[in-house]
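Remarks on the structure that follows.
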Amino acid sequence: MARDPARPAQVADVHELALGMPHVTIYPGTQGRPVYQVGGRSFVFFRNPRPDAVDPGTGQRYDDVIVFWVPDEGDKLAMVQDESSPFFTTSHFDGHLSVLLRASRVGEISYGELAEVVQDAWLSRASARRRETWLREHRDATVSPVSFDVFFQRFQDGRAAPGGGEAMRRALEPYIVQEDPEHRFAFVEYGDGSADVYLDDDSMMVNHVVGEKPWELLVEGARAAGWVIMPTDGPTCVTDEAQRPHLPEDLAGQVVLVGSGVDLVRVIRAL
């Protein structure tokens, strides 16, 4: 049965999504708390109450913590440093590629967002062969490459403004796997996909984006650079409402606030 990706997630969805991934087995954890594994490696598990995760008011140990593996430290930081996110971590998990989520707060994210978290958890723990097979099948089925151009630029008082390239470069640099400095080109791989990037000091053009996760990185970089995102023939996407009054008149007609890569993917798919 198809699920509405925009509806609030439920705890039952965690179990359904984890079991829906291929080659998954359930390890019987203590106190009847399931541990979902692929190839003998855990990727989602329901944690016992532990002294590092407690209610700050009462000191009571949380009894409903779920642990999800993540692809890398960048993903972890992005999830736990976002003040609006219900994901968190504790000192016990320092250096561990995972994030925590209380079952009581699962409804604060959408079903689509939870599905992405579970899929990323599985991908981070599956063997290379299983990972490549899953990505090939699901990328071809659900995520078509974006071949048109998406532009990034800062505006001030209705005019193009300089700067931002250095901030965007810092966001992208850990994920650049190929470069052509003469043409200011970089090939970026992030999460489930990749993107062709043409980065200048004051602007950027992106195309051939494959997968969903690269959009998360691009939105993060745009926010750091103070850049507006402009898909070809699409609405103007701002990452901060303060950018709206500075837009040129020809870009101010249809404006969408994007707070995450998920938001931007929705805009792209609607074109």
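The values are calculated or read from the model by the stated rules, or taken from the named source; none is laboratory data. For clarity, every value in this text was computed on a predicted model and none was experimentally measured. Here Cβ is always computed from backbone atoms with ideal geometry, including for glycine, and neighbour counts include all displayed protein chains. These accessible areas exclude ligands, DNA and RNA; they are computed on the full protein's heavy atoms, side chains included. Shrake-Rupley method; radii C 1.70, N 1.55, O 1.52, S 1.80 Å.
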Going by what's in this entry, would Phe88 be described as on the phi < 0 side of the Ramachandran plot and touching a Gly at 6+ places or on another chain (Cβ under 7 Å)? no
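Across region 80-93, what is the number of residues that are open to solvent by less than 30 Å² (accessible area, probe 1.4 Å) and of a type outside the set (A, V, I, L, M, F, W, C)? So that I can check it myself, show each step before the final result.
Of all residues in region 80-93, those open to solvent by less than 30 Å² (accessible area, probe 1.4 Å) come to 85-87, 90, 93.
Filter once more, so that each one left must be of a type outside the set (A, V, I, L, M, F, W, C): 85-86, 90.
Looking only at that region, the number is 3.
Give the residues of region 94-125 that are free of Cβ contacts under 8 Å to residues at least 24 places away in the same chain and either over 21 Å from Pro8 (Cα atoms) or under 12 Å from the mean Cα position of the chain (by Cα) (or both), sorted by residue number.
Our first condition is that a residue be free of Cβ contacts under 8 Å to residues at least 24 places away in the same chain; within region 94-125, this holds for 94-96, 105.
Listed by number, the residues that qualify are Asp94, Gly95, His96.
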Single residue of region 161-209 satisfying the filter (open to solvent by 20 Å² or more (accessible area, probe 1.4 Å), touching an Asp or Glu at 6+ places or on another chain (Cβ under 8 Å) and in a strand (DSSP E or B)) that is modelled with the lowest pLDDT: His208
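From the set of residues in region 220-238 that are part of a loop (DSSP other than H, G, I, E, B) and modelled with pLDDT of 95 or more, which is most open to solvent (accessible area, probe 1.4 Å)? Walk me through how you get there before you give the answer.
Initially, region 220-238 is screened for residues part of a loop (DSSP other than H, G, I, E, B), giving 226-227, 232-235.
Of the ones still in play, those that are also modelled with pLDDT of 95 or more are 226-227.
On the way: Gly226: 28, Trp227: 0 Å².
Per the stated criteria, the residue is Gly226.
Scan Val267, Val262 and give me the residue that is part of a helix (DSSP H, G or I), surrounded by fewer than 20 Cβ atoms within 10 Å (Cβ to Cβ), in contact with a Cys (Cβ under 8 Å, 6 or more places away or on another chain) and not hydroxyl-bearing (Ser, Thr, Tyr).
Working: Val262 fails: in contact with a Cys (Cβ under 8 Å, 6 or more places away or on another chain).
Testing whether each residue is part of a helix (DSSP H, G or I), surrounded by fewer than 20 Cβ atoms within 10 Å (Cβ to Cβ), in contact with a Cys (Cβ under 8 Å, 6 or more places away or on another chain) and not hydroxyl-bearing (Ser, Thr, Tyr) leaves just Val267.
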Here's a check for you: in region 239-259, which residue that is within 20 Å of the chain's Cα centre (by Cα) and assigned to a strand (DSSP E or B) is surrounded by the most Cβ atoms within 10 Å (Cβ to Cβ)? Val256
Wholly within region 18-79, strands (runs of 3 or more DSSP E) carrying at least 2 residues that are open to solvent by 70 Å² or more (accessible area, probe 1.4 Å), out of contact with any Asp or Glu (no Cβ under 8 Å at 6 or more places or on another chain) and not aromatic (Phe, Trp, Tyr): 24-28
Taking region 80-105 only, how many residues are closer than 21 Å to Ile26 by Cα, touching an Asp or Glu at 6+ places or on another chain (Cβ under 8 Å) and either part of a helix (DSSP H, G or I) or of a type in the set (Gly, Ala, Ser) (or both)? 1
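Can you tell me which residue among Glu132, Glu108 is under 19 Å from Ile66 (Cβ atoms) and either at pLDDT 90 or above or among the charged types (D, E, K, R) (or both)?
Values: Glu132 fails: under 19 Å from Ile66 (Cβ atoms).
Step by step, each of Glu132, Glu108 is checked, and only Glu108 is under 19 Å from Ile66 (Cβ atoms) and either at pLDDT 90 or above or among the charged types (D, E, K, R) (or both).
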